[in-house]
Amino acid sequence: MPRIEFDNVSKRYTPTTHAVKNLTFAIENGSFLCVLGPSGCGKSSTLRMLAGLESITEGEIRVDGKRYNELKAQSRDFAMVFENYALYPHLDVYGNLAMPLATRRLPRREIARRVGEIAETLQITEHLRKRPRQLSGGQRQRVGLGRAIIRDTRTFLMDEPLGHMEAYLRQQLRTEIRRLHEELGATTFYITHDQEEAAAISDQIVVMSDGRLQQAGDLLTLLDNPVNKFVAEFIGNLPISIIPAAVASNFGVPELIVGGARMPLPENRASLIESSISSGGSKLEVGVRPGDIELFEDSAPNRLPLSVTVVEPLGDSAVVVADGPAGRLRATVPADTAPPPGKSVHAEFDPSRLLLFDEAGINIFRTA
Amino acid sequence: MSEVQFREVTKRFGGTSVFERISLECPEHRYLCLLGPSGCGKTTLMRLVAGLEQPDEGDILIGGQRVNDLPPSTRNVGMAFQNYALYPMLSVRGNLAFPLRAPVRKRSYSEADIDSRVEEIAHLLRIGWLLDRPVTTLSGGQQQRVALGRALIRNPPVLLLDEPITHLDARLRYEMRAELKTLHANLQTTTIHVTHDQQEALAVADLIAVMNAGRIEQIGPPVEVYRYPKTAFVAGFAGDPPMSVVRMPLRVGDSGLQIDFGGRALPLPEKFARYFPGEPPSALLIGIRPSSVSLVDAQASNAISAKVYAHEMVGRELQLMLSVGDGRIRYRSPEIRRFAVGDIVACDVNLEQAHLFDAETGAVIVN
Amino acid sequence: MTSDSKPISQFNLRAALALGAACVVVGFSLFPLYIMITTALKAESDIFSWPPTWTFSPTLQAFKNAFLLFGGQNVLVFLFNSVLITAASTALAVGLGSMAAYALARFPFRGSKHLAFFILSTRFAPPVAFIVPIYLMFRSVGLIDTHLALILFYTSMNLSFVIWVLRGFFADIPIELEEAALVDGYTRWQVFLRVALPLVRPGLVATAILSAVFAWNEFLLANIITQRDAATIPVYLSGFSASMGIAWGEYMAVGFFAVAPIMIFTFFLQRHLVRGLTFGAVR
């Protein structure tokens, strides 16, 4: 299976504005890579350059070491799945699936066999004689996927394929896409703005913002060791809480001061502060994920006093939204122990999981 | 009084019925979520309250008064639409003031009243600094706030929200759903909120009505809906993650009833036996929470052979979908391990915590 | 040359080519207008000089002649007739048409599509085909040579087209915008006036321009059912050439008056055609 490299790739639509700037990363052969970012971050341009639908302003895209910049889209042998399905409205499902084979002069029987097989895999056999407009969004995208895999290509490019669907359909279909990927072993390049989807489906995630690569890695790296505030806020099912903090010295050992609470730090984090505090980062913020906060009734020097604003039950657990002078925090607690709105609570952070951002938003506590 | 009631309401579109004889009540000051997949009739139900659709049979009551024959303009409900429906030719201020300038309220508000109401609502929703911008230049979250403000500005006794936050980015969605809840706590407006997102419904509602194919499957507080689902549909729809509902054959074994998990028979716990006094059904729908599934050694006495159907990371956690017999069971792994689709594993299901549903009707037998 | 400046120069070259092409097209379409105006300003000797003279001393003699000819009637009378008839028929066509179009777009009933098509089909026959019956009808109700006759006829001719175009514009308005206003306390009629009409302004402008151009330029029927009192500029123009042979200077001077008002009207409205074409607030 192909290995795809982006080497310092840039894309400019006008002489001065970059859609994509100095992008460098690689997709290992047979792996599933998600490019993740908010709308307008350049992820679509990235995919379109790889597909050959747009020219590359600078840099090089290589597939198995071969330069692809000048190769025409139709010669690249990628199969693409689109957000808006891009099915042929005048053909039925069978016709849509058979389309990529029709150009290859395969015998009719062979085409019928392949279409039948694919339809079976994607559970759309009963719809083969329907037109796309008679299908639901989920069914249409199954056809879109089928049309991509029927060609036996070794690389899939998927452009927000689940973007137009309802939550539970998205969950179903992302499972199917991942299963197909493992079954076929093809290299898959997938773009999405939904971090939950990216986390669920991929081996590697590339986070982009403003046309630049922010960080590449697996989910746990991005969760525990984000390079900056943008990645920390973008990744994670429940939003991370970010509140102002300061550093103080307790007999020469640095501590964090967060909204009046003094939080001692594990040694490795304390030493990271020592090495970076000299650079004069005065305006600091801590980031803490909902699962790394514990709520207590009693106060303690290392606990942040807060008042509960909203409780959101999610089933076994609940999200407590609490406000204090320092700002708003979200903590997950077991549903039975959730304090009612209006109650005062004291939040203790897991110091080994804390993130600390300097004025530029760089995570000082990044260890990896 | 502003409770909303449906009495035996039937709605059809050109011969096909959306729902038949639905009865439902949203008590005064409560926040009701209508939850269900697309096409279940939840949006139609809400539009009946607004007067944008007419019922074919039955009555709709707001505050005890029958409103079937009232046009939308006099029903005095506020509504926020899924696509925001802001007037592109007006500024934020113009959009917010629009309901106050309606002819039905002619002379109820002076220009000074309108100005102060607009300022007040804009402050509440933190869009004061946007008042003189054209709405076309706002971000999605800002447009959503304006839409909400326009629905709330005349303090309507009933607020209708049609998928109000579904189309926002994840981050904004979390922010807005906490805000909706705070807003409701402050204003106490009777609210009906339509959504297909079960997490949103659980998080924000006082009451959830789960709908499926034109029927109300269950209505109750979120915790009740999650813990004690009345039907197999509700069980498989609500919760994060929802429980797995699998259909398994029921057999009479040597020592009582047994459930056949793809070849491995597990005894039906003693406490469930009394629900099957006569001839037992041939199969059951069994609701299994991920927390009652564990991976065990293949040699263990209760081990059920399962195949990994799918694996995915949810937050910091690895979840597996395991194929067992004809069904699929979700499992939450305590550790991050490498699994591949098709791997064979052995699992154990704690049936003591299972929920049983009738295999034919889907109705709950025991929670 | 640095690598950065290369795309810039290419970009400019392309822009220059586009500009040049646009100039050619504009020049080509404005040339008749140029000939018309210069001819009107030339003395008779200059008009027929060969080769054509590009420089000449302008004279208003042709305009003066034109004003006083044709039975001693002032050209301003005909101009007034044209303006009145065009304005009235355009206002009626767009006013009535927008209401009919809104109804067709928003209140579907059994056969409403057939009705819409039937309305359009009234434009399928060439107007000359029903000129005789129209003439007879107008004569029997005593409308010959009245403004009302032309206003009625032009309104009915434009109505079908206005309805057809505006129906599409109204159908494109997201229904939620109107539903929101209904829930907010507006009646259907107020929703039409306050929400729907402002949103279809580009459509109103487009249909108004095309209706006005049709009414302004229509000659065939006007020539048959008006003689003096209600005659429009095109009628005047034709009578002019018949009675005088062709006096090119005077002819062009009147032509200038025939073209100017509609040009001014279109010039001021055309920017509204573009403005507001995006319904940005609805996703």
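Of all residues in region A:149-165, count the ones that are part of a loop (DSSP other than H, G, I, E, B), of a type in the set (A, V, I, L, M, F, W, C) and in contact with a strand residue (DSSP E or B) (Cβ under 9 Å, 6 or more places away or on another chain).
Of the residues in that region, 2 qualify.
Please state which one of C:MET252, C:MET244 is at pLDDT below 85, surrounded by 16 or more Cβ atoms within 10 Å (Cβ to Cβ) and more than 18 Å from the chain's Cα centre (by Cα).
Answer to the selection: C:MET252.
Among the residues of region A:230-276, write down those that are assigned to a loop (DSSP other than H, G, I, E, B) and more than 14 Å from chain B (Cβ to nearest Cβ).
A:PHE251, A:GLY252, A:GLY259, A:GLY260, A:LEU265, A:PRO266
So, in region A:307-332, of the ones that are buried (at least 17 other Cβ atoms within 10 Å of the Cβ) and more than 14 Å from chain B (Cβ to nearest Cβ), which residue ends up modelled with the lowest pLDDT?
Going through the qualifying residues, I end up with A:ALA326.
Please go through region B:210-241 and give me each residue that is among the hydroxyl-bearing types (Ser, Thr, Tyr) and within 12 Å of chain A (Cβ to nearest Cβ), ordered by number.
B:TYR226
Name the residue that is surrounded by the most Cβ atoms within 10 Å (Cβ to Cβ), counting only residues in region B:139-162 that are modelled with pLDDT under 90 and in a loop (DSSP other than H, G, I, E, B).
Ranking the candidates gives B:ARG154 first.
Check off (1) among the small types (Gly, Ala, Ser); (2) under 30 Å from C:ILE175 (Cβ atoms); (3) at pLDDT 90 or above for C:GLY111 and give me the number that stays unchecked.
Single failed check for C:GLY111: (3).
Could you grab me the full set of residues in region B:1-29 that are farther than 22 Å from B:GLY220 by Cβ and outside any strand (DSSP E or B)?
B:MET1, B:GLY14, B:GLY15 - these are the residues of region B:1-29 that are farther than 22 Å from B:GLY220 by Cβ and outside any strand (DSSP E or B).
Given the criterion out of contact with any Lys or Arg (no Cβ under 6 Å at 6 or more places or on another chain), within 14 Å of chain B (Cβ to nearest Cβ) and without any contact (Cβ under 8 Å) to a residue 12 or more places away in the chain, identify the matching residue among A:ARG174, A:ARG179.
Every option except A:ARG179 fails the conditions.
Return the pairs, sorted by first residue and then second, in which the second residue is outside any helix (DSSP H, G or I) and of a type in the set (Gly, Ala, Ser), the first residue lies in region B:91-117 and is without any contact (Cβ under 8 Å) to a residue 40 or more places away in the chain and surrounded by 15 or more Cβ atoms within 10 Å (Cβ to Cβ), the beta carbons are less than 6 Å apart, and the residues are 6+ apart or on different chains.
B:ALA102/C:GLY185; B:VAL104/C:GLY185
In region B:326-350, which residue that is more than 27 Å from the chain's Cα centre (by Cα) and in contact (Cβ under 8 Å) with a residue 60 or more places away in the chain is nearest to A:GLU183 (Cα to Cα)?
B:ASP326
Tell me which of these B:LYS271 doesn't satisfy, since it passes every other one: (1) farther than 20 Å from B:LYS230 by Cα; (2) modelled with pLDDT under 90; (3) not hydrophobic (A, V, I, L, M, F, W, C).
Among (1) farther than 20 Å from B:LYS230 by Cα; (2) modelled with pLDDT under 90; (3) not hydrophobic (A, V, I, L, M, F, W, C), the lone unmet condition for B:LYS271 is (1).
Here is a list: C:ALA100, C:ALA116, C:ALA88, C:ALA105. Which entry is farther than 29 Å from C:LEU220 by Cα and in contact (Cβ under 8 Å) with a residue 40 or more places away in the chain?
Step by step, each of C:ALA100, C:ALA116, C:ALA88, C:ALA105 is checked, and only C:ALA105 is farther than 29 Å from C:LEU220 by Cα and in contact (Cβ under 8 Å) with a residue 40 or more places away in the chain.
Wholly within region B:30-82, which strands (runs of 3 or more DSSP E) include no fewer than the required count, namely at least 3 residues that are crowded, with 22+ Cβ neighbours inside 10 Å and facing chain C (nearest Cβ under 10 Å)?
The strands (runs of 3 or more DSSP E) meeting that bar are B:77-80.
Considering only residues of region B:181-209 that are in contact with a Ser or Thr (Cβ under 8 Å, 6 or more places away or on another chain) and hydrophobic (A, V, I, L, M, F, W, C), which is surrounded by the fewest Cβ atoms within 10 Å (Cβ to Cβ)?
Looking at the filtered set, the residue picked out is B:VAL194.
In region B:91-100, is there at least one residue being in a strand (DSSP E or B), hydroxyl-bearing (Ser, Thr, Tyr) and more than 7 Å from chain C (Cβ to nearest Cβ)?
yes
I'd like the residue in region B:62-117 that is among the β-branched types (Val, Ile, Thr) and over 21 Å from B:THR191 (Cα atoms) and, out of all such residues, is nearest to the chain's Cα centre (by Cα).
Of everything passing the filter in region B:62-117, B:VAL92 is nearest to the chain's Cα centre (by Cα).
When you go through C:LEU96, C:LEU84 one by one, which is the residue that is in the same structural domain as C:GLY255 (by TED's automatic domain parsing), under 18 Å from C:SER160 (Cα atoms), modelled with pLDDT of 85 or more and surrounded by 14 or more Cβ atoms within 10 Å (Cβ to Cβ)?
Sole residue among the options that is in the same structural domain as C:GLY255 (by TED's automatic domain parsing), under 18 Å from C:SER160 (Cα atoms), modelled with pLDDT of 85 or more and surrounded by 14 or more Cβ atoms within 10 Å (Cβ to Cβ): C:LEU96.
Applying the selection to region A:182-194, what residues are in contact with a Ser or Thr (Cβ under 7 Å, 6 or more places away or on another chain) and farther than 27 Å from A:GLY40 by Cα?
Listed by number, the list holds a single entry, A:ALA186.
Going through region B:163-180 one residue at a time, which ones are over 19 Å from B:MET46 (Cβ atoms), among the charged types (D, E, K, R) and assigned to a helix (DSSP H, G or I)?
Scanning region B:163-180 gives B:ARG171, B:ARG173, B:GLU175, B:GLU179.
Could you tell me whether B:ALA170 is surrounded by fewer than 19 Cβ atoms within 10 Å (Cβ to Cβ) and touching a helix residue (DSSP H, G or I) at 6+ places or on another chain (Cβ under 9 Å)?
In short, yes.
The values are calculated or read from the model by the stated rules, or taken from the named source; none is laboratory data. Since this is a predicted model, take the numbers as computed values, not measurements. Here Cβ is always computed from backbone atoms with ideal geometry, including for glycine, and neighbour counts include all displayed protein chains.
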